[in-house]
Amino acid sequence: MSFESVDFLIFALLIWLAHFLARSMRTGAIKNFKKVALPLLAVLVGIGFLIAGVQSDLGSTGVIVAMMAIMAFVAGLSFKRILIIGVVVIIGTFLAIASTPYRLARIETFLHPNTNCLTTGYQSCQAIIAVGSGGFLGIGVGRSVQAYGYLPESDNDSIFAIYAEKFGFVGSIILLAIFGALFTRMSRIAERAPDNFTRLFVIGVLTWISIEALINIGAMIGLLPLKGITLPFISYGGTSVVFFAAAMGLVYQISRYTTTVPGEFNNPLQTGRAGTNDNISHRRGIRGAYHPDLSDRS
């Protein structure tokens, strides 16, 4: 049995970040550089050293950076300060790539995939062959060729290429539509969330899942470099499935406390009114048959 610590780290960081930003909004410190931006930058440096440096997982580091940036922006951190942090991250990423030969090889393979099909570009070329072999309707379940000895990580990182080979263009569009429906549902939950903490948490989960799906699918069709990122809920792997399911369980639990009308509560960008959500619980319209007692919630 194996355990991917990065999945647990992202899940734990997501909860902490939602709490930290919601508290900063409540106290009015979200605009304070020393109290908000500097701690976030320190966390990013630590994550970069641990994940990108020690574990050599630059892809997961990029997912975390995107998640933190979007959550901070929604919470009300100024774009200028996010840009400052982004410049630091870009410099660190450039140094991490330039100092590691295999990362440079991945960039070279991404730019010129057909020239390295037998060496560093083998997986990229085989993935494109698998996607192209699916045609319009796919070759059918149990008839995959690339899954048996040709495409590396066919049940994990390369699962979308195998899926496209089996179900073709139509099946791929259906899968993308399912992801789109999920993301739309999560965005509506975020709009109607009962407080800033739950809203930021849902936005973080939405960013986490959507960015990983984007990176995985983009890598399989040649639009992005290979980064070893799984396709959420599709790729084989116990740890990622467990924490994706845990995050979605919390999201749908939050949805039971949402209002029936978007905008019932204060906008997360209106930090001056942060914390007023909890004082208007009597105006909530709880969907469905679930009616919790919200009178004593903090």
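The values are calculated or read from the model by the stated rules, or taken from the named source; none is laboratory data. Owing to the predicted nature of the structure, the values given are computational and were not obtained by experimental measurement. Counting neighbours? That spans all protein chains shown, and the Cβs are built from the backbone with ideal geometry, glycine included.
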(request) Among the candidates 59, 76, single out the residue that is farther than 22 Å from residue 190 by Cβ and either modelled with pLDDT of 90 or more or not polar (S, T, N, Q) (or both). (result) 59
(message) Among the residues of the stretch 202-225, are any closer than 23 Å to residue 252 by Cβ, more than 15 Å from the chain's Cα centre (by Cα) and not in a helix (DSSP H, G or I)?
(response) no
(request) Select, from 107, 139, the only residue that is in contact with an Asp or Glu (Cβ under 8 Å, 6 or more places away or on another chain) and surrounded by fewer than 18 Cβ atoms within 10 Å (Cβ to Cβ). (result) 139
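From the list 131, 205, 145, which one is surrounded by 19 or more Cβ atoms within 10 Å (Cβ to Cβ), at pLDDT below 95 and out of contact with any strand residue (DSSP E or B) (no Cβ under 8 Å at 6 or more places or on another chain)? Break it down into steps so the answer makes sense when it comes.
Numbers: 205 fails: at pLDDT below 95; 145 fails: surrounded by 19 or more Cβ atoms within 10 Å (Cβ to Cβ).
Result of the check over 131, 205, 145: 131.
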(message) basic (Lys, Arg), closer than 23 Å to residue 205 by Cα and in a helix (DSSP H, G or I): is that true of residue 23 in this structure?
(response) yes
(request) Would you check if there is a residue in the stretch 23-41 being surrounded by 15 or more Cβ atoms within 10 Å (Cβ to Cβ), within 30 Å of residue 241 (Cα to Cα) and modelled with pLDDT under 90? (result) yes
(request) Identify all residues within the stretch 163-193 that are over 20 Å from residue 247 (Cα atoms) and among the β-branched types (Val, Ile, Thr); write none if there are none. (result) 170, 173, 174
(request) May I ask you to list pairs of residues, at least six apart or on different chains, whose Cβ atoms are under 8 Å apart, with the first in the stretch 82-97 being surrounded by 11 or more Cβ atoms within 10 Å (Cβ to Cβ) and the second being assigned to a helix (DSSP H, G or I) and among the aromatic types (Phe, Trp, Tyr)? (result) 82/73
(message) For the stretch 167-202, which positions are buried (at least 21 other Cβ atoms within 10 Å of the Cβ) and basic (Lys, Arg)?
(response) 192, 199
(message) Every residue in the stretch 1-22 that is more than 17 Å from residue 69 (Cβ to Cβ) and loosely packed, with under 14 Cβ neighbours inside 10 Å, please.
(response) 1, 2, 3, 5, 12
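Is it fair to say residue 239 is at pLDDT 90 or above, in contact with a helix residue (DSSP H, G or I) (Cβ under 7 Å, 6 or more places away or on another chain), in a helix (DSSP H, G or I) and within 21 Å of residue 65 (Cα to Cα)? I'd like the intermediate steps shown before the answer.
Working: at pLDDT 90 or above: no; in contact with a helix residue (DSSP H, G or I) (Cβ under 7 Å, 6 or more places away or on another chain): yes; in a helix (DSSP H, G or I): yes; within 21 Å of residue 65 (Cα to Cα): yes.
Criteria not met by residue 239.
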(request) Select from the stretch 110-151 the residues that are polar (S, T, N, Q) and under 15 Å from residue 221 (Cα atoms) and list them in ascending order. (result) 114, 123, 124, 126, 133, 146
(request) Test residue 63 against the criterion of being without any contact (Cβ under 8 Å) to a residue 40 or more places away in the chain, within 22 Å of residue 243 (Cα to Cα) and assigned to a helix (DSSP H, G or I), and give yes or no. (result) no
